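The structure under discussion appears below in the form of structure tokens.
The values are calculated or read from the model by the stated rules, or taken from the named source; none is laboratory data. The shown structure was predicted, so the numbers you read here are calculated from the model rather than taken from an experiment. Here the Cβ positions follow ideal geometry from the backbone for every residue, glycine too, while neighbour counts run over all protein chains shown.
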Amino acid sequence: MAQPKEIHVLMVSLFYHGHINPMVHFAKLLTSKGIHVTLATTSHAREHIDKGLANRTNFIDFEFFDDGLDDGLDRDSNLGILLEEYLPTNGVKNLSYLISNLEDKGKRFACIINNCFVPWVTSVACIHNLPCAMLWVQSCATYCIYYHYHKTPSQFLALDDPNNEIEILGLPLLKNENLPTFILPSSPPHFLNVVMKTMSNLNHYKWIFGSSFCDIEQSLVNSMEQFKPILPIGPLISPSMLQEGDVEESHEKNDVCINWLDKQGTSSVIYIALGSISVLSQSETETLAMALANDNNRHFLWVRKEGEEGWGSKIVDLPKGFLEKTKDRGLIVPWCCQEKVLIHPAIRCFLTHCGWNSTLESITAGVPIIAYPIWTDQPTNAKLLVDVFKMGVRMRKSVNGQLELKEIERCLLEVTNGPRALAMKEQAIKWKVAAKNAISAHGSSNMNIEKFINELN
């Protein structure tokens, strides 16, 4: 009797958490359906993956290739030359060499899947005569915006005018403040250059997948059908977020955050986390701390990173006396398992920077948000969450660029006890149900994955 054909897929990602994590979630979906997945990234990420991800993903092989930069150089500080010079040359050469070595050991890849920040991978696919797919790790909305920016730049004039509005099929009117910051003149050019290279390479991709799901971005998916379709396969989050009832791994005895949340009342805690890169300024930190300290009934879990940050920022100090004043109703930690926290019944709302991974996790958990976007796709995600998904409020700086106390208090009140708070929660629950349905056996995301696997055979 003939043995079933083994299908091997190679995934390639930049080394950042926000890029690798959705690739890993996609890989887990594929391995659950019998596909063998190898995920490759630069050697710079080896230590992080060996200590963390590799131990939790038994069915994915991790491989590494040299990016060409000296080991002692900081990748964040040299990101421009890494993305535009070293990876398109050394990355192509060393990834190709890695593939040849793996093929010599018996792996025959059916395709390569990369994300949108390593467009040079299409050259490697051509060298090895492999079909190529892309996982778009941001929203379908940003895919649509970047596509039209590349194809019809005349739509995107007056990008330095705060009152300028742009009309794109499938989206509400967008002011410049709602656009991905890479498009704006104030952004370093290398980010936009890489994304535009991806847009110019779209014809090299046989499949383009989105980490979103159809129900929540249906208009965007429909609008791209006439251009270059995107197939949502998400939400690409941990499967534990979609399970009902207690999840065994969410109740580890040494989980400080979960143990603390277990002692809080239902829907009583504000969860605050602003991503793995961005750091609040001293002024923003002090103002947020003041808002939390002023209300003796307000409980909070605040994730604040420690030490130097790779992007040149350093964590700032909390106001004197804040910890003592709030010790009975607040917990501050340098890190937490966000997926576990968001599905905990004690969480009332989420103050977030609106990174797409955090956005998907909020949606899947059914948690209303306070949106405080900073850069890249976050302003667009905030626009979606507030005005399209209608499950949150946007927190804004004043005209002089300061985050004011009254603005924080307004948002906290509006999302917890304001006249629209119940409607936001109901909308969040609606999207939670839709997310679960999307990855069910007959759901739109699962059907897109099944179609992809059939085309690989």
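Descriptive notes on the structure:
- Scope the range 201-223; condition touching a residue at least 60 places away in the same chain (Cβ under 8 Å), hydroxyl-bearing (S, T, Y) and within 18 Å of H148 (Cβ to Cβ); matching residues: Y205, S212, S223
- Of all residues in the range 63-100, those satisfying the criterion of being among the charged types (D, E, K, R) and under 17 Å from L39 (Cβ atoms) are E63, D66, D67.
- Selected residue [assigned by TED's automatic domain parsing to the domain that holds N448, crowded, with 20+ Cβ neighbours inside 10 Å, modelled with pLDDT of 90 or more and assigned to a loop (DSSP other than H, G, I, E, B)] from L30, L14: L14
- All positions within the range 224-245 that are within 14 Å of Y146 (Cα to Cα) and crowded, with 19+ Cβ neighbours inside 10 Å: M224, I230
- Checked against (1) in contact with a Pro (Cβ under 8 Å, 6 or more places away or on another chain); (2) at pLDDT below 95, R46 passes all but condition (1).
- Those strands (runs of 3 or more DSSP E) of the range 343-457 in which at least 3 residues are hydrophobic (A, V, I, L, M, F, W, C), at pLDDT 95 or above and under 22 Å from the mean Cα position of the chain (by Cα), considering only elements entirely within it, cover 347-352, 369-371.
- Members of the range 88-99 found to be touching a residue at least 40 places away in the same chain (Cβ under 8 Å) and either under 24 Å from L192 (Cα atoms) or surrounded by fewer than 17 Cβ atoms within 10 Å (Cβ to Cβ) (or both), listed by number: G91, L95
- Residue ID - surrounded by the fewest Cβ atoms within 10 Å (Cβ to Cβ), chosen from residues in the range 282-302 that are of a type in the set (D, E, K, R) and in a loop (DSSP other than H, G, I, E, B): D295
- Selection of first residues in the range 281-307 that are without any contact (Cβ under 8 Å) to a residue 24 or more places away in the chain and farther than 18 Å from S268 by Cβ and of second residues that are part of a loop (DSSP other than H, G, I, E, B) and among the aliphatic types (A, V, I, L, M), restricted to Cβ pairs under 7 Å at least 6 apart or on distinct chains, gives the following pairs, ordered by first then second residue: G307/I315.
- Pick from the range 183-195, criterion of a type outside the set (G, A, S) and over 15 Å from E85 (Cα atoms), ranking: surrounded by the most Cβ atoms within 10 Å (Cβ to Cβ): I183
- All told, V388 meets the bar of being assigned by TED's automatic domain parsing to the domain that holds N297, out of contact with any strand residue (DSSP E or B) (no Cβ under 9 Å at 6 or more places or on another chain) and either among the charged types (D, E, K, R) or touching a residue at least 12 places away in the same chain (Cβ under 8 Å) (or both).
- Residue within the range 101-114 that is in contact with a Cys (Cβ under 7 Å, 6 or more places away or on another chain) and either more than 20 Å from N21 (Cβ to Cβ) or among the charged types (D, E, K, R) (or both) present: yes
- Enumeration of residues in the range 342-351 that are surrounded by 24 or more Cβ atoms within 10 Å (Cβ to Cβ) and in contact with a Leu (Cβ under 7 Å, 6 or more places away or on another chain): F350
- Set L102, L69: member being more than 25 Å from the chain's Cα centre (by Cα), surrounded by 13 or more Cβ atoms within 10 Å (Cβ to Cβ) and not in a helix (DSSP H, G or I): L69
- Applying the set (1) at pLDDT 95 or above; (2) under 17 Å from A273 (Cα atoms); (3) assigned to a loop (DSSP other than H, G, I, E, B) to C336 leaves exactly one unmet item: (1).
- The number of residues in the range 125-163 being among the aliphatic types (A, V, I, L, M) and touching a strand residue (DSSP E or B) at 6+ places or on another chain (Cβ under 7 Å) comes to 6.
- Test: residue in the range 304-319 that is of a type in the set (V, I, T), at pLDDT below 95 and surrounded by fewer than 20 Cβ atoms within 10 Å (Cβ to Cβ): yes
- Hits in the range 126-140 - residues which are more than 10 Å from S212 (Cα to Cα) and either crowded, with 24+ Cβ neighbours inside 10 Å or not polar (S, T, N, Q) (or both): C126, I127, H128, L130, P131, C132, A133, M134, L135
- Restricting attention to the range 442-457, the residues that are touching a Phe, Trp or Tyr at 6+ places or on another chain (Cβ under 7 Å) and β-branched (V, I, T) add up to 0.
- Complete set of residues in the range 144-173 that are assigned to a helix (DSSP H, G or I) and either farther than 28 Å from L231 by Cα or under 23 Å from the mean Cα position of the chain (by Cα) (or both): C144, I145, Y146, Y147, H148, Y149, H150
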